[in-house]
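Q: Dropping a structure here in C-alpha cells format, bear with me for questions.
The values are calculated or read from the model by the stated rules, or taken from the named source; none is laboratory data. Please read all numbers here as calculations on a predicted model, not as lab measurements. Heads up, the Cβs are rebuilt from the backbone with ideal geometry, glycines too, and the neighbour counts pull from every protein chain shown. SASA here: full protein model, heavy atoms, side chains in, ligands and nucleic acids out. Shrake-Rupley method; radii C 1.70, N 1.55, O 1.52, S 1.80 Å.
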Amino acid sequence: MDKDSFNDVFNQKDDEFSGFFSRNEINDIDQQNIATVITSEDIMKVTVQLDHSMGGIIDVFKYVNACSDN
C-alpha cells in the first residue's frame, strides 16, 4: 500500500510518521528512508537484558495478571 492510500485509509496527515515491521527484508523502500533494521538477534538481546534487570518485577506482574483473571 502506498503512503497516500495508507494516509487515506487510516486518516493520517501527510506529515505524520509511520513505522513498519516485516518478517522479511523490505526491498521496496529507498534505503535512505530506513532508519534501522532490527533483527531477531537484537530482540533476543533486549529480552535477555530485560529479564536480567527486571525479571523479578516482571514475575510480580505475571502473578497480578493471573489473579485478576479469576
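Q: Report whether or not Lys62 is in a helix (DSSP H, G or I), within 20 Å of the chain's Cα centre (by Cα) and among the charged types (D, E, K, R).
A: No, not satisfied.
Yes/no matrix, rows are residues, columns are (1) loosely packed, with under 10 Cβ neighbours inside 10 Å; (2) touching a residue at least 60 places away in the same chain (Cβ under 8 Å); (3) not in a helix (DSSP H, G or I):
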residue	(1), (2), (3)
Ser5	yes, no, no
Asp15	yes, no, yes
Val46	no, no, no
Ala66	yes, no, no
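Q: From Glu41, Glu25, which residue is part of a helix (DSSP H, G or I), open to solvent by 100 Å² or more (accessible area, probe 1.4 Å) and within 30 Å of Met1 (Cβ to Cβ)?
A: None of the others qualify; the one that does is Glu41.
Q: Is it the case that Gly55 is assigned to a helix (DSSP H, G or I) and open to solvent by less than 80 Å² (accessible area, probe 1.4 Å)?
A: yes
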